[in-house]
Amino acid sequence: MAMRAPDGTMLGQIHAYADTMFNSHQLRMLVAEIATLSPVDPEEAATLDELAALATDAIGQHGYLWFCGD
């Protein structure tokens with residue numbers, strides 16, 4: 001699945017080829033952003049649901065979410 005995030009969004013800040021780390025404040029914005037999206041298929045919906053759950057868990061632990069680029 002290849003999702004394209006618009007420029008200026010939290011999803012758009014996740015770098016495909018380098019590591020990206022979000023703090024709790026950024027993760028709250030990410031979760032709010034995900035809630036506004038309309039997935040195009042069940043696979044995309046599942047990916048967004050999992051991402052929101054991971055972000056919510058990190059927020060609850062006052063932690064970070066680290067994305068490892070390729």
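The values are calculated or read from the model by the stated rules, or taken from the named source; none is laboratory data. Just so it is clear, the model here is predicted, and its values are computed rather than measured. Neighbour counts run over all protein chains shown; Cβ positions are idealised from the backbone, glycine included. Remember, those area values only see protein heavy atoms, side chains included, never the ligands or the DNA or RNA. Shrake-Rupley method; radii C 1.70, N 1.55, O 1.52, S 1.80 Å.
Residue-wise HN-Hα couplings along the stretch 60-66, as the Karplus relation 6.51 cos²θ - 1.76 cosθ + 1.60 with θ = phi - 60° gives them from phi, are x, 9, 6, x, 10, 10, 10 Hz; Gly and Pro carry x. The accessible surface of the chain, taken with every protein chain in place and a 1.4 Å probe, is 55 percent carbon and sulfur. Short-range pairs are left out: with C-alpha atoms under 8 Å and at least six residues apart, the relative contact order of the chain is 46 percent.
In the chain, helical runs assigned H by DSSP with n ≥ 4 each contribute -39500 (n - 2.57); averaged across all residues and rounded to the nearest 500, the mean residue ellipticity at 222 nm is -14500 deg cm²/dmol. Every pair of different Cα atoms in the stretch 19-70 enters the Kirkwood calculation, which places the hydrodynamic radius at 11.4 Å.
Estimated at the nearest 10 Å², the accessible area of SER38 is 100 Å² with a 1.4 Å probe.
Residues whose amide H comes within less than 5 Å of that of PHE67, counting only those at least five positions distant or on another chain, are THR20, MET21, PHE22 (H built at 1.01 Å from N in the peptide plane). Report the local net charge at ALA55: Lys and Arg +1, Asp and Glu -1, summed over other residues whose C-beta lies under 14 Å from its C-beta. For residues surrounding ALA55, the net value is -3.
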